[in-house]
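Structure first, commentary second.
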Amino acid sequence: MGPRSPGWLAGPIVFLAVAGGIHGCASSPDAPSPSGIVLEEALRIAGDAPGGELGFRFGVPRDVDGDGIADVAAGARFTDVRGTQEGAVSIWSSEGGRRLARFEGEGEGALFGQAALLGSDADRDGFPDLIASAPNGRIAGTYRGVVSALSPRPGRVIWRREGEPDASFGWHLALLGDIDGDGVEDIIAGATATDAPGKAHILSGRDGSILRTLVSPGANDLFGWHVAPAGDLDGDGKAEVLVGAPSAKAMGATSATGAVYALSIDDGRIVRAWHGSIPDGEFGQVVCALGDLDGDGTEDVGIGAPCRESPGSRPGEASVFSGRSGERLHHWTGRTAGELYGRMIADAGDLDGDGMRDVAIGAPWHGRGGLEKAGRFEIRSGSSGEVIAEVAGDRADGWLGWHIQAAEGLGQDRRRGLVVSALRSPEGGVPAAGAIIVYVPFSS
């Protein structure tokens, strides 16, 4: 499960204003839930690189061209640019899928585009920049990983930050808000390492400098595999961050069950820790803040345990924990063995209109009707925990539900919805190209 053998980052940058790849529906809602919510496919952005895997990890869509419509940034980390897998990141408008910009990596196997965010405005042009990682980026022959800030409008590199040797720096990225008070959103970058304790680095959004480094309490636990902001969990008025360590071992355990840590941004101390119970269940492969679901005034935490290491026996799990007490609020299991339920868990926004944010859960290896690994995702009520909507993929090896991001301002009507990746979906005859799909609640 560990990072691929630790290649460099963004080289040529191309600014585009041409039509993106858009295709018809390739996923379908299951029968409407009792709530009556049906999600419809509003836009499909098709990958164009064989084996490119568009949409491994991406952030909240934001408006980068000033038209008031949210734009989507995502990478295809296995894209061949100059005959090797350098990787590429593109930005598309959610209105029609027009491609606005494309950035290409350099360096074989660098995985440029593994994580891509629209975030901090480092160049102060009034528009969000692209933050992208190449966790296998190689510098002077040494695998370090690279995180870069790139301006979509003039198409230039604003800053680059190199990681430590063999650390997979930038394995995951998340925005934290303005931590250092300079008016620019800052970033957390995971660096999982394999032969040393993993780390999570808090980076200045302005210049990429390291503001603080959080270090795993263990070793060889893939600390930093997934990172997320958490709000103030302990009531001291200061924010925490969530860091997943899916290969962590509990004290005295002989096999890895995984862990998630909430750490103080201010001083790096562990505020709270959650540990998995399933051997090789990969608890903490995905972690997120879900808003205050239990009404105690504190953000609650979602954690996935997809059980990928033993796909023949378990479907995977997803849980919600109180950010204040640490107690489990919800615990859900998948439907079929090996479907990787909980490979993604995310804040879905308030889709049912009850004033409570809902929870999205992906099961990208779910099979249906003879279509192996077509994938699916479901939306559960943040208040009751019941399934209120579900969408299943309709093509084999589509891996629908690999990554999910709530969004607003989508399309010409500026609608609320979800942006979901079908990571290895065949598109237009291109195998494993992947796709980014925009879903919005159906309106008759």
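The values are calculated or read from the model by the stated rules, or taken from the named source; none is laboratory data. Here the structure is a predicted model, which is why all the values come from computation and not from measurement. Quick reminder, even Gly has a Cβ in these numbers, built from the backbone with ideal geometry, and neighbours come from all protein chains shown. When the accessible area is computed, the model is the full protein with side chains, heavy atoms only, and any ligands, DNA or RNA have been set aside. Shrake-Rupley method; radii C 1.70, N 1.55, O 1.52, S 1.80 Å.
Condition test on Glu378, is it surrounded by fewer than 24 Cβ atoms within 10 Å (Cβ to Cβ), acidic (Asp, Glu) and farther than 13 Å from Glu41 by Cβ?
Values: surrounded by fewer than 24 Cβ atoms within 10 Å (Cβ to Cβ): no; acidic (Asp, Glu): yes; farther than 13 Å from Glu41 by Cβ: yes.
Answer is no for this residue.
In the set Ala193, Ala230, which member is of a type outside the set (Ser, Thr, Tyr), over 17 Å from the mean Cα position of the chain (by Cα) and crowded, with 23+ Cβ neighbours inside 10 Å?
Values: Ala230 fails: over 17 Å from the mean Cα position of the chain (by Cα).
Matching residue, one of Ala193, Ala230: Ala193.
Taking the condition of being assigned to a loop (DSSP other than H, G, I, E, B), open to solvent by less than 20 Å² (accessible area, probe 1.4 Å) and not aromatic (Phe, Trp, Tyr), how many residues in the stretch 337-350 meet it? Before the answer, list the steps.
Here is the first cut: in the stretch 337-350, the residues assigned to a loop (DSSP other than H, G, I, E, B) are 337-343, 350.
Among the residues that remain, those that are also open to solvent by less than 20 Å² (accessible area, probe 1.4 Å) are: 338-343.
Narrowing the set further to residues that are not aromatic (Phe, Trp, Tyr) leaves 338-340, 342-343.
Residues in the stretch 337-350 being assigned to a loop (DSSP other than H, G, I, E, B), open to solvent by less than 20 Å² (accessible area, probe 1.4 Å) and not aromatic (Phe, Trp, Tyr): 5 in total.
Can you report the number of residues in the stretch 153-171 which are surrounded by 24 or more Cβ atoms within 10 Å (Cβ to Cβ) and assigned to a loop (DSSP other than H, G, I, E, B)?
Of all residues in the stretch 153-171, those surrounded by 24 or more Cβ atoms within 10 Å (Cβ to Cβ) come to 163, 167-171.
Checking the rest, the ones that are also assigned to a loop (DSSP other than H, G, I, E, B) come to 163, 167-168.
Residues flagged as surrounded by 24 or more Cβ atoms within 10 Å (Cβ to Cβ) and assigned to a loop (DSSP other than H, G, I, E, B) within the stretch 153-171 amount to 3.
Under 22 Å from Leu418 (Cα atoms) and in contact with a strand residue (DSSP E or B) (Cβ under 9 Å, 6 or more places away or on another chain): is that true of Gly291 in this structure?
Working: under 22 Å from Leu418 (Cα atoms): yes; in contact with a strand residue (DSSP E or B) (Cβ under 9 Å, 6 or more places away or on another chain): yes.
Here the answer is yes, as Gly291 does meet what is asked.
Determine whether Thr254 is within 24 Å of Ala196 (Cβ to Cβ) and hydroxyl-bearing (Ser, Thr, Tyr).
Details: within 24 Å of Ala196 (Cβ to Cβ): yes; hydroxyl-bearing (Ser, Thr, Tyr): yes.
In short, yes.
Taking only the stretch 182-240 into account, find how many residues are part of a loop (DSSP other than H, G, I, E, B) and touching a His at 6+ places or on another chain (Cβ under 8 Å).
In the first step, residues of the stretch 182-240 are kept if they are part of a loop (DSSP other than H, G, I, E, B); the result is 182-185, 192-198, 204-209, 216-225, 232-239.
Filter once more, keeping what is touching a His at 6+ places or on another chain (Cβ under 8 Å): 224-225.
Residues flagged as part of a loop (DSSP other than H, G, I, E, B) and touching a His at 6+ places or on another chain (Cβ under 8 Å) within the stretch 182-240 amount to 2.
Hand me the list of strands (runs of 3 or more DSSP E) wholly inside the stretch 246-330 holding 3 or more residues that are open to solvent by 40 Å² or more (accessible area, probe 1.4 Å).
So the answer is 270-275.
Looking at (1) of a type outside the set (Val, Ile, Thr); (2) in a strand (DSSP E or B); (3) open to solvent by 10 Å² or more (accessible area, probe 1.4 Å), find the lone condition where Ala149 falls short.
(3)
I'm checking my understanding of the structure. Among residues of the stretch 383-425 that are assigned to a strand (DSSP E or B) and of a type in the set (S, T, N, Q), which one is surrounded by the most Cβ atoms within 10 Å (Cβ to Cβ)? Full working, then the answer.
So the first thing to find is which residues in the stretch 383-425 are assigned to a strand (DSSP E or B), and the list is 387-393, 400-410, 415-422.
If we keep only those that are of a type in the set (S, T, N, Q) too, we end up with 405, 421.
Numbers: Gln405: 24, Ser421: 31.
Checked the stretch 383-425; the qualifying residue surrounded by the most Cβ atoms within 10 Å (Cβ to Cβ) is Ser421.
In the stretch 312-336, what residues are among the hydrophobic types (A, V, I, L, M, F, W, C) and closer than 13 Å to Leu293 by Cα?
The initial filter retains those residues of the stretch 312-336 that are among the hydrophobic types (A, V, I, L, M, F, W, C), namely 318, 320-321, 329, 332.
Listed by number, the residues that qualify are Val320, Phe321, Leu329.
Restricting attention to the stretch 360-382, does a residue exist that is at pLDDT 95 or above, under 30 Å from Arg328 (Cα atoms), of a type in the set (D, E, K, R) and in a loop (DSSP other than H, G, I, E, B)?
yes
For Ser216, indicate whether it is modelled with pLDDT of 95 or more, of a type in the set (Gly, Ala, Ser), open to solvent by 20 Å² or more (accessible area, probe 1.4 Å) and more than 15 Å from the chain's Cα centre (by Cα).
Working: modelled with pLDDT of 95 or more: yes; of a type in the set (Gly, Ala, Ser): yes; open to solvent by 20 Å² or more (accessible area, probe 1.4 Å): no; more than 15 Å from the chain's Cα centre (by Cα): yes.
No; evaluated as a whole, the condition is false for this residue.
At pLDDT 95 or above and over 19 Å from the mean Cα position of the chain (by Cα): is that true of Gly208 in this structure?
Details: at pLDDT 95 or above: yes; over 19 Å from the mean Cα position of the chain (by Cα): yes.
So Gly208 passes the test.
Residues of the stretch 172-190 being within 23 Å of the chain's Cα centre (by Cα), open to solvent by 30 Å² or more (accessible area, probe 1.4 Å) and among the charged types (D, E, K, R), which ones?
If the condition is that a residue be within 23 Å of the chain's Cα centre (by Cα), open to solvent by 30 Å² or more (accessible area, probe 1.4 Å) and among the charged types (D, E, K, R), then Asp178, Glu185 are the ones that fit.
For the stretch 81-137, how many residues meet the condition of being farther than 20 Å from Pro61 by Cα, open to solvent by 10 Å² or more (accessible area, probe 1.4 Å) and in a loop (DSSP other than H, G, I, E, B)?
Summing the residues that are farther than 20 Å from Pro61 by Cα, open to solvent by 10 Å² or more (accessible area, probe 1.4 Å) and in a loop (DSSP other than H, G, I, E, B) in the stretch 81-137 gives 8.
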